[in-house]
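One structure is given below, encoded as structure tokens.
The values are calculated or read from the model by the stated rules, or taken from the named source; none is laboratory data. Note that the structure is a prediction, hence the values are computed from the model and not measured. Cβ atoms come from the backbone with ideal geometry, glycine included; neighbour counts cover every protein chain shown. Keep in mind that these areas ignore ligands, DNA and RNA; they rest on the heavy atoms of the full protein, side chains included. Shrake-Rupley method; radii C 1.70, N 1.55, O 1.52, S 1.80 Å.
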Amino acid sequence: MVNTSRLAALLVASSCTFFQFGTVAAADADPDPFVEYTSHSPAAQANNQSMLWGPYKPNVYFGVRPRVAEGLWSSLMWANLNTYDKINKAFRYTCEQHQGLAGYGWDEYDLRRGGVETIRDEANQIDITVSFVKVDEGDHGGNWAARIKGVPRPDAPEDLITMIAYYIASESGNLDIQDISSGPGFEGNVAFTGASPVLGNYKLVVTKGKGNHPESSHELADERPLDLTAVVSAELPSEILWQAKQVAFKQLSESVKVVNSRYQGEQLPPPSLVYKLKNQPTRGNMQIVQKVFEGAFEFDVLFTSFASEHEMTEKVVTSQIESNTAAFNEKFSSVFELKAPFNDDKYKPFAKSMFSNLLGGVGYFEGHQLVDRSYASEYEEENEGFWEETAQARARKEEALEGPFELFTSVPSRPFFPRGFLWDEGFHLIPILDWDSDVALEIVKSWFSTMDEDGWIPREQILGPEPRSKVPEEFQVQYPHYANPPSLFLIIHSFTNALREKHGKISTGGDLLPVSDVPLGLAHLTDSTLGADYLSAIYPLLRRQYDWFRKTQRGGVRSYDREAFSSREAYRWRGRSEAHCLTSGLDDYPRPQPPHPGELHVDLMSWVGFMTKSLLDIADALGLEDDVAEYKKTYHAIQRNLADLHWSEKEGCFCDATIDDFEEHKLVCHKGYVSLFPFLVGLLEPNDPKLGRTLDLIGDEEHLFSEYGLRSLSKQDELYGTEENYWRSPIWINMNYLAIVQLRETALQDGPFKAKARDLYNRLRANVVNTVYASWVETGFAWEQYNPDTGKGQRTQHFTGWTSLVVKIMAMEELPAAAGAGAGAEGGARGEKDEL
Ligand SMILES: *[C@@H]1O[C@H](CO)[C@@H](O)[C@H](O)[C@H]1NC(C)=O
């Protein structure tokens with residue numbers, strides 16, 4: 001038995017509770033070091049304009065917003081309305097795991113033009129396709145549109161009823177409604193107008209669209225006919241405005257209440273009449289447009305900036321959708337030309353989807369971040385038992401909100417990690433750099449603009465109440481003594497190499513190319529002056545982060561009487577506990593036990609080495625000779641200390657180190673990703689015997705090599721597969737990617753290990769691609785990690801972050817079997833030499 005008052009109560013109880021968070025006053029923003037050079041460059045301005053709009057709310061199935069704080073955002077919600085017992089479960093808004101979807105995401109997407117997202121909503125028996133298009137025009141970021149199409153799935157009943165609620169929120173003033181019709185609803189299109197400083201004046205239209213509507217003989221059907229569109233408006237405070245689902249549920253529950261008061265105990269009206277909003281359009285910063293369809297449907301959302309010459313119309317949408325698909329396919333084939341054996345047509349939709357979901361996961365976030373700035377003495381982590389002291393210091397809860405900050409970033413997983421993660425981001429940007437280097441550079445710049453005066457960047461960016469509502473309290477606070485792998489250096493280093501390869505010598509401050517010669521998305525790479533200006537603006541920021549790492553994450557050499565070439569180059573991640581070293585990014589990977597202030601971490605030393613190498617190359621490109629000399633010295637010291645402090649001749653691999661009971665330096669070896677780090681970031685010379693032994697470890701099936709990819713920990717390790725088993729056996733694609741890139745490097749350089757590297761490269765490349773592909777075919781999703789015994793995807797579903805690196809791997813060529821010394825160093829392969 002269902003009665004409406006119970007339904008109303010359910011709605012209120014389950015989802016009408018609004019989140020409440022504190023707020024703080026705005027901080028002064030630092031001056032933007034990039035404004036200077038971009039203001040002289042029409043190409044940079046054009047690039048910036050064309051990035052204004054996008055599906056930059058990746059946490060929802062479809063949500064469009066501009067890349068500015070005070071904007072206009074809108075998003076799609078829908079639900080099946082065939083039965084009463086479904087509404088809570090059937091309502092779709094934020095991306096969620098295990099919601100009965102048979103896959104969703106972008107089949108094609110280009111940040112400059114738009115794309116196509118398909119949502120296979122098995123539980124609601126409908127497939128929804130959203131075609132998003134953008135047209136650059138005028139000086140307010142141009143126009144955009146979304147065509148939203150629903151097609152019942154084969155198992156759906158003929159009278160499948162789908163309710164659409166399109167949510168529109170203005171963060172900058174109220175929206176007006178044109179032609180407010182009195183009465184039960186709108187027969188035709190609904191048009192809103194509004195204005196904001198960045199967007200100028202604009203119009204947003206939700207069209208009538210096509211499709212049938214449910215018919216009913218119930219008396220309510222006359223009062224609220226379902227062929228009419230209803231609009232509900234309100235003026236809401238901003239701390240409520242972002243909570244779209246709760247707002248919609250609140251409105252629906254009003255509707256339920258009215259029905260409830262009239263039909264107590266009598267026969268209930270059909271759900272489509274009960275969950276029908278009462279048409280109450282008025283001026284407001286929140287507008288919900290509701291439509292109820294039976295069977296298939298289609299409608300458009302059309303945004304026109306009054307600064308553009310043309311209006312966005314249904315006709316424009318139709319023609320843009322066609323040209324976008326053609327342009328995407330053409331660009332995809334040239335940027336990621338899939339190589340054998342993955343050049344078969346069956347891999348194309350997979351590769352396109354993997355890349356499109358990565359780029360389609362780019363979002364804009366704005367708000368305050370929780371930071372503990374107590375700089376408690378416990379956070380120095382100098383005592384034995386430090387992890388217990390730091391736990392107590394954290395428990396004092398001295399965090400406060402800082403900001404507001406803005407961040408433009410790709411997210412690791414839309415349902416589970418819809419926010420910025422520092423160590424993931426460098427990997428996300430590897431394929432994006434190939435596709436649209438201007439977007440990649442913009443994202444790097446955005447991350448560095450969240451860095452503090454000391455050079456610290458929060459490793460997880462939980463900006464504002466919306467992302468915060470998704471994070472358990474114990475993970476919300478950021479600590480300014482916590483580091484995280486500086487993966488963004490991968491991008492700036494690659495960009496520097498690409499720029500020099502293309503132009504030879506580069507210099508700042510010269511004449512810029514005419515804007516007509518500079519393609520959108522490749523401006524900094526095409527115009528070497530612009531590229532050099534960017535490098536020169538970001539270089540001091542990179543240096544500040546580097547100095548922060550070397551100062552705050554230093555490990556003890558002399559203090560423990562360690563013998564090493566350099567008394568300075570040794571590093572220790574701060575923030576570890578007995579079970580975790582979260583800051584390393586490799587959470588539960590085994591480390592020395594118990595934790596000790598004299599511990600040294602080989603992965604961190606490798607990252608610092610890689611930062612040094614990157615800065616060396618950037619400083620060299622910019623002609624900073626003194627800096628180059630300094631980096632060379634440090635780099636040499638790090639290479640020497642890696643051997644002196646971390647190499648185990650007995651185990652044949654690099655290891656973490658600690659201080660034993662006799663106060664002596666002691667290596668602690670858990671063979672796995674950590675042991676490979678100096679190799680993974682390219683610090684080993686081609687003829688170094690340590691390289692040979694690292695390759696032996698990689699290739700050993702009893703340790704790391706499997707038919708699905710490299711295991712995170714050796715099968716022989718006593719902790720293999722134990723406890724959380726997060727980084728203790730599963731296969732991770734980011735680490736496998738680094739291994740594949742370095743194996744290829746080794747295979748193409750002269751040296752004693754090239755034949756071995758070539759063989760491992762070919763086999764590992766094929767294994768990794770086959771693994772990700774097989775799970776995608778089976779489940780419709782990319783996964784966070786893959787099982788080392790079965791190859792099946794596991795943990796977070798729809799993990800379209802660094803797992804998308806598979807596209808880069810497919811675009812690398814298979815190397816022919818070695819035919820004696822000298823083979824393989826041939827030209828053609830050199831174009832990709834600077835993967836790192
Ligand atoms: C980029 O565009 C945004 C939005 O129009 C604007 O606020 C920002 O100042 C622009 N940045 C640059 C460097 O021109």
- Only one of (1) buried (at least 22 other Cβ atoms within 10 Å of the Cβ); (2) at pLDDT below 95 does not apply to Trp144, and that is (2)
- Could we say that Phe306 is over 26 Å from Ile168 (Cβ atoms) and hydrophobic (A, V, I, L, M, F, W, C) here? no
- Message: Return the pair list, or none, for Cβ contacts closer than 9 Å from residues in the range 43-67 that are closer than 26 Å to Leu513 by Cβ and outside any strand (DSSP E or B) to residues that are away from the ligand (no atom under 12 Å from the Cβ) and of a type in the set (Ser, Thr, Tyr), at least 6 apart or on different chains.
- Response: Ala43/Thr526; Arg67/Tyr56
- Item | the range 696-721, residues that are closer than 12 Å to Ser675 by Cβ and hydrophobic (A, V, I, L, M, F, W, C) | Leu697, Ile698, Leu704, Leu710, Leu713
- Message: Quick check on my filter: what residues within the range 45-55 are surrounded by fewer than 24 Cβ atoms within 10 Å (Cβ to Cβ), more than 8 Å from the ligand (Cβ to nearest atom) and within 17 Å of Phe303 (Cα to Cα)?
- Response: Ser50
- Would a scan of the range 20-39 turn up a residue that is open to solvent by less than 10 Å² (accessible area, probe 1.4 Å) and either of a type in the set (Ser, Thr, Tyr) or modelled with pLDDT of 95 or more (or both)? no
- Query: List pairs: first in the range 706-727 and of a type outside the set (A, V, I, L, M, F, W, C), second in a strand (DSSP E or B) and surrounded by 19 or more Cβ atoms within 10 Å (Cβ to Cβ), Cβ under 6 Å, 6+ apart or cross-chain?
  - Reply: Tyr708/Ile731; Tyr708/Tyr786; Gly709/Ile731; Ser712/Gly672; Ser714/Gly672; Tyr720/Leu713
- Hey, Pro472 hits all of (1) closer than 18 Å to Leu535 by Cβ; (2) open to solvent by 60 Å² or more (accessible area, probe 1.4 Å); (3) not small (Gly, Ala, Ser) but one; which does it fall short on? (1)
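Considering only the range 710-734, state which residues are touching a helix residue (DSSP H, G or I) at 6+ places or on another chain (Cβ under 6 Å) and farther than 14 Å from Glu784 by Cα.
Step one: filter the range 710-734 for residues touching a helix residue (DSSP H, G or I) at 6+ places or on another chain (Cβ under 6 Å), giving 710, 712, 733-734.
Leu710 - this is the single residue of the range 710-734 that is touching a helix residue (DSSP H, G or I) at 6+ places or on another chain (Cβ under 6 Å) and farther than 14 Å from Glu784 by Cα.
So is Ser14 modelled with pLDDT under 95, hydroxyl-bearing (Ser, Thr, Tyr) and open to solvent by 50 Å² or more (accessible area, probe 1.4 Å) or not?
So Ser14 passes the test.
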- Message: Which count do you get for residues in the range 244-274 that are open to solvent by less than 40 Å² (accessible area, probe 1.4 Å), within 27 Å of Gly209 (Cβ to Cβ) and outside any helix (DSSP H, G or I)?
- Response: 1
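So, Val515, is that one touching a Pro at 6+ places or on another chain (Cβ under 6 Å) and surrounded by fewer than 22 Cβ atoms within 10 Å (Cβ to Cβ) or not?
When the stated conditions are applied, Val515 passes them.
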- Item | Residue count, the range 624-638 (criterion: more than 20 Å from Gly455 (Cβ to Cβ) and open to solvent by less than 50 Å² (accessible area, probe 1.4 Å)) | 2
- State whether one or more residues within the range 68-84 are within 16 Å of the ligand (Cβ to nearest atom), part of a strand (DSSP E or B), in contact (Cβ under 8 Å) with a residue 12 or more places away in the chain and surrounded by 23 or more Cβ atoms within 10 Å (Cβ to Cβ). yes
- Query: Looking at Leu600, Leu642, which one is surrounded by 23 or more Cβ atoms within 10 Å (Cβ to Cβ) and in contact with a strand residue (DSSP E or B) (Cβ under 6 Å, 6 or more places away or on another chain)?
  - Reply: Leu600
- Message: For the range 171-198, which positions are open to solvent by 50 Å² or more (accessible area, probe 1.4 Å), away from the ligand (no atom under 16 Å from the Cβ) and in a loop (DSSP other than H, G, I, E, B)?
- Response: Gln178, Asp179, Ile180, Ser182, Pro184, Glu187, Asn189
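Conditions (1) under 28 Å from Leu241 (Cα atoms); (2) of a type in the set (Phe, Trp, Tyr), marked per residue:
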| site | (1), (2) |
| --- | --- |
| Trp78 | yes, yes |
| Asn82 | no, no |
| Ala102 | no, no |
| Gly114 | yes, no |
| Thr129 | yes, no |
- Task: Return yes when Phe342 is open to solvent by 60 Å² or more (accessible area, probe 1.4 Å) and in contact (Cβ under 8 Å) with a residue 60 or more places away in the chain and no when it is not.
- Result: no
- Task: Quick one: in the range 429-452, of everything that is acidic (Asp, Glu) and in contact (Cβ under 8 Å) with a residue 60 or more places away in the chain, which residue is surrounded by the most Cβ atoms within 10 Å (Cβ to Cβ)?
- Result: Asp438
- Would you pick out the residues in the range 530-554 that are open to solvent by less than 10 Å² (accessible area, probe 1.4 Å) and among the small types (Gly, Ala, Ser)? Gly531, Ala532
- Positions within the range 107-141 being open to solvent by 10 Å² or more (accessible area, probe 1.4 Å), more than 16 Å from the ligand (Cβ to nearest atom) and under 25 Å from Phe350 (Cβ atoms), in sequence order: Asp107, Glu108, Asp110, Arg113, Val116, Thr118, Arg120, Glu122, Ala123, Asp127, Thr129, Ser131
- Message: Just to check your reading of the model, which residue among Glu382, Glu298 is surrounded by fewer than 19 Cβ atoms within 10 Å (Cβ to Cβ) and assigned to a strand (DSSP E or B)?
- Response: Glu298
- May I ask you to list the residues in the range 561-595 that are surrounded by 21 or more Cβ atoms within 10 Å (Cβ to Cβ) and aliphatic (A, V, I, L, M)? Ala570, Leu586
